[in-house]
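Q: Below is one structure. I have some questions about it.
The values are calculated or read from the model by the stated rules, or taken from the named source; none is laboratory data. Computed from a prediction, not measured in an experiment: that's the story for all the values here. Backbone-built Cβ (ideal geometry, glycine too); neighbour counts: all protein chains shown.
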Amino acid sequence: MNKLLLWLLHTPLRPLAGRHTIAITYVGPRSGREFTLPVWAIDAPDGRGWLVGVGQHEQKRWWRSFRTPQPARLLVKGREYAATGHLLTGADRDAAAAAYVKAIPMAARAIRPDTPALRFDRVD
């Protein structure tokens with residue numbers, strides 16, 4: 001399924017993947033391997049980046065790569081952006097999770113008080 005979504009994101013058919021679906025490409029800090037995966041994201045309230053909620057985080061490892069700020073490339077609506085991603089904590093995490101659920105109401109089931117939230121800031 002991920003391969004199909006990633007393919008769609010690189011074509012004019014990208015709206016079929018969903019308006020919140022983007023691709024994140026990053027290098028694993030331990031493995032040194034490059035990974036690309038589709039995620040749901042929303043625009044950050046300040047317009048300088050994107051917020052990602054990690055539903056079912058117990059079953060995923062990728063988000064742990066961003067416990068410290070890490071470079072990434074994001075494919076958003078057909079455009080690629082250089083970004084720095086980092087894990088949000090405390091009030092920043094809570095505000096991001098609330099904004100995420102407000103923008104994507106069907107994500108409310110997956111976003112719990114312990115759900116990680118990440119922010120990716122554009123690098124100009």
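Q: Every residue in region 92-110 that is crowded, with 20+ Cβ neighbours inside 10 Å and over 20 Å from residue 68 (Cβ atoms), please.
A: Across region 92-110, the qualifying residues are 97, 100.
Q: Return the pairs, sorted by first residue and then second, in which the second residue is of a type in the set (S, T, N, Q), the first residue lies in region 99-118 and is under 18 Å from residue 60 (Cβ atoms), the beta carbons are less than 7 Å apart, and the residues are 6+ apart or on different chains.
A: Final answer for the pair search is 110/56.
Q: In region 1-33, what count of residues is obtained for those that are in a loop (DSSP other than H, G, I, E, B), free of Cβ contacts under 8 Å to residues at least 24 places away in the same chain and touching a helix residue (DSSP H, G or I) at 6+ places or on another chain (Cβ under 7 Å)?
A: Here the count works out to 0.
Q: Ok, one more. When the residues of region 44-63 are narrowed to those that are free of Cβ contacts under 8 Å to residues at least 60 places away in the same chain and touching a strand residue (DSSP E or B) at 6+ places or on another chain (Cβ under 8 Å), which ends up nearest to residue 110 (Cα to Cα)? Steps first, answer last, please.
A: So the first thing to find is which residues in region 44-63 are free of Cβ contacts under 8 Å to residues at least 60 places away in the same chain, and the list is 45-47, 56-63.
From what is left, the residues that are touching a strand residue (DSSP E or B) at 6+ places or on another chain (Cβ under 8 Å) are 62-63.
Working: 62: 17, 63: 15 Å.
For region 44-63, the residue satisfying everything is 63.
Q: Run residue 45 past the list (1) surrounded by fewer than 19 Cβ atoms within 10 Å (Cβ to Cβ); (2) modelled with pLDDT of 95 or more; (3) touching a helix residue (DSSP H, G or I) at 6+ places or on another chain (Cβ under 7 Å) and report the number of the one that doesn't hold.
A: Condition (2) is where residue 45 drops out.
Q: Would you check if there is a residue in region 34-42 being in a loop (DSSP other than H, G, I, E, B), within 23 Å of residue 124 (Cα to Cα) and more than 13 Å from the chain's Cα centre (by Cα)?
A: From region 34-42, those in a loop (DSSP other than H, G, I, E, B) are 41; that's our starting set.
With the extra rule that they be within 23 Å of residue 124 (Cα to Cα), the set shrinks to 41.
After this cut, where a residue has to be more than 13 Å from the chain's Cα centre (by Cα) as well, the list is none.
No, because not a single residue in region 34-42 is in a loop (DSSP other than H, G, I, E, B), within 23 Å of residue 124 (Cα to Cα) and more than 13 Å from the chain's Cα centre (by Cα).
Q: Can you tell me which residues in region 84-110 are aliphatic (A, V, I, L, M) and either part of a helix (DSSP H, G or I) or over 11 Å from residue 52 (Cβ atoms) (or both)?
A: Restricting attention to region 84-110, the residues satisfying the condition of being aliphatic (A, V, I, L, M) are 87-88, 91, 95-99, 101, 103-104, 106-108, 110.
Hits for region 84-110 are 91, 95, 96, 97, 98, 99, 101, 103, 106, 107, 108, 110.
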